[in-house]
1. What whole number of Å gives the distance from the Cα centroid of the stretch 131-205 to the Cα centroid of the stretch 66-108?
2. Which trypsin sites (Lys or Arg not before Pro) does the stretch 72-147 hold that lie in a coil by DSSP with at most 11 other beta carbons within 10 Å?
3. Relative contact order (percent) for the stretch 34-211, with alpha-carbon contacts under 8 angstrom and 6 or more residues of separation?
4. Output the pairs from Lys124/Lys160; Lys160/Lys186; Lys37/Lys186; Lys70/Lys186; Lys70/Lys160; Lys83/Lys186 with a Cα-Cα distance over 30 Å in this structure; if there are none, say none.
5. Select from the stretch 164-211 those chymotrypsin sites (Phe, Trp or Tyr not before Pro) which occupy a DSSP coil region and have at most 11 other Cβ atoms within 10 Å, ordered by residue number.
6. Using the 10 angstrom Cβ neighbour count as an exposure proxy, how do His84, His191 rank, fewest first?
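Only the coordinates and a few stated rules stand behind these numbers; no lab work does. No experiment lies behind these values; they were computed from the predicted model shown. Reconstructed Cβ throughout: ideal geometry from the backbone, glycine too, with neighbour counts over all protein chains shown.
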Amino acid sequence: MFVCKRLASSPWKRAVSTNIGRSLSTAPKELSREDSKTLDQVIRVDQAGELGANQIYRGQNFVLQFTDPKVAPTIQHMWEQEKHHLRTFDNYILENRVRPTLLRPFWDVAGFALGAGTALLGTKAAMACTEAVETVIGGHYNDQLRDTVHLNDAAPELQKLRDDLAEFRDDELEHLNTAVDDWNAKEAPAHGLLSNAIQVGCNTAIWLCKRF
Ligand SMILES: [Fe+2]
Ligand SMILES: [Fe+2]
């Protein structure tokens, strides 16, 4: 029975390993090398994404607390949820010994600059940024839920990860609705241009973090 060496220490891989002695009819399916790689990518890219999201809200908060204090509680609420997302993926990185993205210093700066820069254009532009980012990230979490659905019976620990993906997807879509419905994100100046540019940036970031 092949056990991918790189994930031998992960909870789901341990679960597979300790069940080797069971009868074939009750043994859980083994994770393939491809599935292990998928799980590595899920954890790496999501930790990086939540890091970027935290930096975006940090940048927005930095500016908006002075320029539009009435929006500050909303920013703080969304930021608190992003902190929870990031802590969760920090733990997955450690528990499963997944290599974090090599691009962290870049996302630190780029996320803060995006958040602060759009906030300097005004509250609606900041919310257009949130709308664009959460549109991409909500879809990204849905893609991951689809890509991992076949792994449900490989190891029970995977269900916790998938539950977290679903919970965070719902949080991101709540942020999207808040930006559009409560803070008129679509009325931001040059909304289409801003939204397209940020969505292209987010998709590029996801592509890079899967690999580096
Ligand atoms: Fe998040
Ligand atoms: Fe979010």
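1. 14 Å
2. none
3. For the stretch 34-211, the relative contact order is 30 percent.
4. Lys124/Lys160; Lys160/Lys186; Lys37/Lys186; Lys70/Lys160, as the Cα separations exceed 30 Å there.
5. none
6. Fewest-to-most ranking of His84, His191: His84, His191.
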